[in-house]
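Here the structure comes first, spelled out in structure tokens, and everything after it is commentary.
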Amino acid sequence: MKTIFIIITINLMVISNSYANYLNEYKIWLSDNNQNKYLPLSKKITKNKDKLGERFKWDYNPTLEELHYQVFHYLEDDKGFSKQETIGSENPYKFKFNLEEDKYVDKKLNNSGLLSYLMFREGHIVVDKISPKERLGSLFNNKTKWTSASAGKSLTGYLVGQAICDGYIDNVDVRLNDWPLLKNTLYENVKLIDLLNMAGGDQKFIKNHFKKELGKKGRERNVNNNTIKKHMEGTFKGSQPSKNKYNYSNLVSNIIINYVWFKSNGNFNKITDRIFKEKAKIEDSVYFLKMNENTVSNGYEVTDESGPLRYSFRANRYDYLRIAKAIMEDWQNDTCVGKYLKNINERKISKNLKYKSDLGAYSYSRSYGGQFHLNFPGFKKRNIFALDGAYGQSILIDMDKSIIIVINAVHGNYNWKKIALKKIKKN
């Protein structure tokens, strides 16, 4: 009876969407899975429990206990959302292996937030590493559907290419004035290519998330907590575009994926099936998150017409590689989608960043195109497409050398340049 009361109490707490709500559920999981070495939690975690679940800063080196809890939190974090799911292929792609040792990757798996590292080269997986069970492997394994974070934005860009090739969208130069949700907003007459390049003229309103209101304290408002309809009828009602320039935001990717939904006219699953089941030949199901009344900030009505899809994507480690391989093969085989990828590469725009950091593809690449990070210093004559996301998610695709690196992580403290970009350059 006591256990039932505890579980009911925890479930009620989770509904309130506070980061600390997962802590008691986590403790129960540890006990049930004989992970008592993490109990009691470190003093640091207990002292700062109200901040648990938030993204660690790049310069912060979390303890193993903190990393372990974060993995649990991110796995639980999509509960309550609906899923726009694609089931696995009946004939999934089977990888060939020609494994090599990589002591540096082993080291990072044992002293950082690195969860998984895969290197695919010329038709074979040559490095296949995963966090040991005594570290983070008790929570993360080959079947774990891990967050893509903002790497999912690039998948929305790939989705657009398939939608164009399947005849749902004319081309990347169409204007979005046929979508009623955007009427009387700055996005109404924007070109799709400008959104794909994060250059929608929305910099007065948004930078990643919504800008804070002048004179008010607190965080930026999270755009992922509301549907496109809610945003357009609120923040953007009557807005006018500014001069087009690179302005990276989460909202734009949500607009793109929901525009594909709108244009698919009920056939969105046919587009995702084409990508994930037929071309990538995924083994397990994958899905984009979808908002509902339980997950939006004010509990208002959510319908398929209100723009509830998010770029947030989940897949297991090998299926991420299968999807990256499909992107590479489209490029190399010059398919319709391959021509689209070459087009967005040619029409990429400069990020005009005043800083240069080698912490990840987001900050190290010089250009952006079609929701991909492009143009890396030292790779002038090689076409490297990068997918990059929070907590250290990274996928690099070398279209010319047939090399793919897929990294899943819970923190980016693993020296991205050395473990990712330099590994490609060396080969």
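Taking the stated definitions as given, is I349 under 18 Å from I323 (Cβ atoms) and among the hydrophobic types (A, V, I, L, M, F, W, C)? It is false that I349 is under 18 Å from I323 (Cβ atoms) and among the hydrophobic types (A, V, I, L, M, F, W, C). Of all residues in region 162-197, those satisfying the criterion of being in contact with a Lys or Arg (Cβ under 9 Å, 6 or more places away or on another chain), in a helix (DSSP H, G or I) and under 17 Å from V252 (Cα atoms) are L181, L192, I193, L196. Among the residues of region 119-134, the one identified as of a type in the set (K, R) and either at pLDDT below 95 or in a loop (DSSP other than H, G, I, E, B) (or both) is K133. When I384, I344, I349 are screened for being touching a Phe, Trp or Tyr at 6+ places or on another chain (Cβ under 9 Å), β-branched (V, I, T) and surrounded by fewer than 20 Cβ atoms within 10 Å (Cβ to Cβ), only I349 passes. N244 fulfils the conditions (1) surrounded by 15 or more Cβ atoms within 10 Å (Cβ to Cβ); (2) at pLDDT 95 or above except for a single criterion, (2). Exactly one residue out of S154, S116 is within 23 Å of the chain's Cα centre (by Cα), in a helix (DSSP H, G or I) and within 20 Å of I404 (Cα to Cα): that is S154.
Looking at F268, F288, F262, just one residue is buried (at least 17 other Cβ atoms within 10 Å of the Cβ), at negative phi and more than 20 Å from the chain's Cα centre (by Cα), and that residue is F262. Of the residues V105, V71, the single one that is part of a helix (DSSP H, G or I), modelled with pLDDT of 95 or more and β-branched (V, I, T) is V105.
Test F379 against the stated conditions and say whether it is in a loop (DSSP other than H, G, I, E, B), aromatic (F, W, Y) and not assigned by TED's automatic domain parsing to the domain that holds N61. For F379, the condition - in a loop (DSSP other than H, G, I, E, B), aromatic (F, W, Y) and not assigned by TED's automatic domain parsing to the domain that holds N61 - is met.
The values are calculated or read from the model by the stated rules, or taken from the named source; none is laboratory data. The structure displayed is predicted, hence computed values, not measured ones. Backbone-built Cβ (ideal geometry, glycine too); neighbour counts: all protein chains shown.
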